[in-house]
Structures are given as C-alpha cells and as structure tokens.
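What follows is calculated from the coordinates using simple rules that are stated; it is not laboratory data. Quick caveat: nothing in here was measured; it's all calculated off a predicted structure. Here the Cβ is made from the backbone with ideal geometry for all residues, glycine too, and neighbour counts use every protein chain on show.
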Amino acid sequence: MLCSRPRFAALIAVAAVAAPVVLAVPGSAEAPIAGVRVSECSEGPEASDRFVEFRGDMRQVAGSESMWMRFTLQERVGDRAFVKVRTPGLGVWRKSRPGVPRFVYRQRVLELAKGSEYRARVRFRWYDPSGNVVEEEVRRSPSCRQGGDLPNLLVKRIRASAAGESPGVQRYELRVVNSGNAATTGADVALAVDGAVVDTVALGPLEPGEVRRVFVNGPPCMRSARAQADPAASVIESSESDNVVTSRCPLRP
C-alpha cells in the first residue's frame, strides 16, 4: 500500500451524463431552491473501483431565467480538515436551458484514494434575462468515505545524555513508532532544543508497530526539547495530532 504519497491523489472528473439533465417537474413551495447529495459512492481494491457521483439540483427563483452550478471537490485524510482538490474537469459552470423550472446535473469523480473522505462544494447561481445574478447559494454534500489503512507516526519520548568527552554537547535519543495499520515508505523526525532546530533525520521505512531509535547530537537543553515526526507533512496519516512531543529539561538519560 502506498502510504507516503503526494498530498492528493490524481483524480479525474467526468460528467455522469453527456449533458445537463433537465427535469420539467413543478417545484414545491416548501422544497429547497438548491442542494447537492451523493448519488453513488463506490469502494474497491483497484483505482477504477473507487469513484463518487454527486447530484446537484436547483429550482427557478423569482425573476430568474437560467440556472448555473459549479462543482468543487474537497478531500479529508485522517483528522485533517477538508481541503480543495484540483481536479481536471471540475470548476466549470454547468448551465441550464433558459426557462426550465428545474436543473439537475450529475458529476462523477474517478480514481479516489484509499483512506480519504470526499465531498462536493457546489456554488449555485440564478440569472435574469439580462444576465444579472438574482440569487446565489453554496451547498456542501455529505461525504463519500474510501476505506483503507493508514500509518500513524508517534513520537514516544526524548532522552538526553552526555556525548562522550565532547564538552557542551548532548546526545539526544528520539523514539518514534508507527502506531498505524500500514507501513510508511519513508519519513523524517526533527529535533529542536530551546526553540532552535538542531537537526532533521531520516527515519526510513516503518512497518506497523515498528519502533525506530534516532540519535542526534546537540547543545545542552536549558528549557525544553521538542521532537516532531514528519515535519514536512509528506506522510498521509490517520492522525496528525500526536506527531509532536515536548519535554522540559533536564531530560532523563
């Protein structure tokens, strides 16, 4: 399983239909004027199995003649916030024919990444016969979750001892564990002493449950030492909240 990868997967957006679906269905006075939902969420072991289809729906409002909608894809991995994903085929305004009472458009996104969660942010606009915007709304869809194991890098502790006979130098031991359910292909750990970064060291691959000890020489610790696993955020993890540990000085040997 690929666990150290670009922040976002290479995604492909395609229209689920060759043209916007126009439904001449009378609207209800109580029905919302716009909305978006997940009409299909597919998982599977192969990239071709994993896709999501969103369905945007809007109704005419007073004074409008045509309706537009634009889809944006958002992704969340682990406990990170949702962020926008640049996806070919998205970000295009889809337009209704003038005068129809309702406009429905389905948008499909292919080759989703394992372990991620996806939703659509859709901007809706209504235009009058002169081309002026008479109404604008934004809606977000429910999420489509893609199963998949992820690694999780956890800094267990920082210890320090004298660095042999070198005066004014301490030898720091950093202990990092992969507490997740998938291996990493590589990551770094950074050490800062009293607020200044001392060094960043490569951890190498880590299997689930594997512990790696790293040693760094640095100045004596007067106030605190801070270790951070994956400081560049290059590893997609199930949690980012436990990558950092800070210890007050003096440190145990």
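Per-structure values
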| read-out | value |
| --- | --- |
| About the Cα centre, charge dipole magnitude for the range 117-253 (Lys/Arg +1, Asp/Glu -1 at Cβ), debye | 440 debye |
| Hits among lysines - C-alpha to C-alpha of K95 under 29 Å, sequence gap 8 or more where chains match | K84 |
| Virtual spin-label span in nm between K95 and V61, 7 Å along Cα→Cβ | 2.0 nm |
| Computed lengthening from R157 to R223, 0.36 nm per intervening residue step minus Cα-Cα distance | 22.1 nm |
| Given (1) 1.20; (2) 1.00; (3) 1.63, the label whose value is Rg/Rh (Cα atoms, Kirkwood Rh) derived from this model | (1) |
| Residue list for the range 89-114, given a label point 7 angstrom along the Cα-to-Cβ vector of E40 and an amide N cut-off under 16 Å | 105-112 |
| Added length on full extension, which subtracts the Cα-Cα distance from 0.36 nm per residue, D199 to A47 | 50.9 nm |
| Hz values of 3J(HN,Hα) by residue in the range 131-148 - Karplus curve (6.51, -1.76, 1.60), Gly and Pro given as x | x, 8, 6, 9, 7, 8, 9, 10, 10, 10, 7, x, 8, 10, 9, 10, x, x |
| Dipole in debye (nearest 20) - the range 47-178, about Cα centre, beta carbon charges: Lys, Arg +1; Asp, Glu -1 | 120 debye |
| Potential lengthening between E137 and E111 on full extension [0.36 nm per residue; Cα-Cα distance subtracted] | 6.5 nm |
| Under 9 Å, Cβ to Cβ, from C249 - net charge with Lys/Arg +1 and Asp/Glu -1 | +1 |
| Taking F103, F215 and counting other C-beta atoms within 10 Å, the order from fewest to most | F215, F103 |
| Charge dipole (the chain, unit charges on Cβ, about Cα centre) - positive-most of S64, V197, F215 | S64 |
| 14 Å beta-carbon shell around G63, net charge (K/R +1, D/E -1) | -2 |
| Relative exposure of R252, R108, R119, judged by other C-beta atoms within 10 Å (fewest first) | R252, R108, R119 |
| Cut-off 14 Å between beta-carbons: net charge of the residues surrounding A202, Lys and Arg +1, Asp and Glu -1 | -1 |
| Computed magnitude of the charge dipole of the chain (debye, nearest 20; Cβ of K, R +1, Cβ of D, E -1) | 340 debye |
| FRET efficiency for T246 and E210, using Cβ-Cβ distance with R0 set to 25 Å, rounded to 0.05 | 0.60 |
| Distance between modelled label sites at D149 and V169, nm, 7 Å Cα→Cβ extension | 4.1 nm |
| W93, W68, W126 arranged by Cβ crowding within 10 Å, fewest neighbours leading | W93, W68, W126 |
| Unit charges at the beta carbon, dipole of the chain: most positive-side option, A233, T184, A34 | A34 |
